[in-house]
1. Round to the nearest 0.05 the FRET efficiency obtained for residue 57 and residue 116 when R0 = 25 Å and r is the Cβ-Cβ distance.
2. Could you state the number of Å between the C-alpha centres of segment 54-73 and segment 15-36?
3. Could you list 82, 71, 91 in order of exposure, starting from the residue whose Cβ has the fewest other Cβ atoms within 10 Å?
4. Only residues of segment 3-31 count here: report those whose backbone N is under 11 Å from the spot 7 Å along Cα→Cβ of residue 74, or say none.
5. Cα convex hull of segment 5-126: mean projected area in nm², to one decimal?
6. Based only on other Cβ atoms within 10 Å, what is the fewest-to-most ordering of 109, 13?
7. Could you list 96, 3 so that the one with the fewest beta carbons within 10 Å of its beta carbon is first and the one with the most is last?
């Protein structure tokens, strides 16, 4: 059963920050819940260093989230985790990086995977997105 939750993929890249700003603004406008999901491929939650967890938390805090918005840490393949975590969400938001040619092949594309496999609507936000300040709730 779909919820009013918006899931946004989160790391400390410019494209993920842009996606977070877009998702936060949309969540405020639509009065939706927001859940940021940070996926670490190599480590389980309990193995993620406190400093790394703190830096991702600081990125999430940039949007001044209300108390009912969540930040989740997960491990695994980022595309698979984001698709799974957004199954019952109203929307999945991901950042897009500009990869061309061989760079795209070598780096892969989390956003492309999500666009191809998500069962909910998805928004792909480019790193260049600059939102006006969202109204505070």
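Since every read-out is calculated from the coordinates, none of them should be taken as a lab result. Keep in mind the model is a prediction, meaning the values are calculated, not measured. With ideal geometry, Cβ positions are generated from the backbone for all residues, glycine too; neighbour counts draw on all protein chains shown.
1. On the way: r = 30 Å, r/R0 = 1.20.
Once rounded, the FRET efficiency stands at 0.25.
2. With segment 15-36 and segment 54-73 each reduced to a Cα centre, they are spaced 11 Å.
3. Working: 82 27, 71 18, 91 22.
Sorted ascending by nearby Cβ count, the order is 71, 91, 82.
4. 7-10
5. Values: hull surface 29.1 nm².
Average of the hull's projected areas for segment 5-126 equals 7.3 nm².
6. On the way: 109 17, 13 14.
Ascending number of Cβ neighbours within 10 Å: 13, 109.
7. Values: 96 22, 3 13.
Going from least to most buried by this count: 3, 96.
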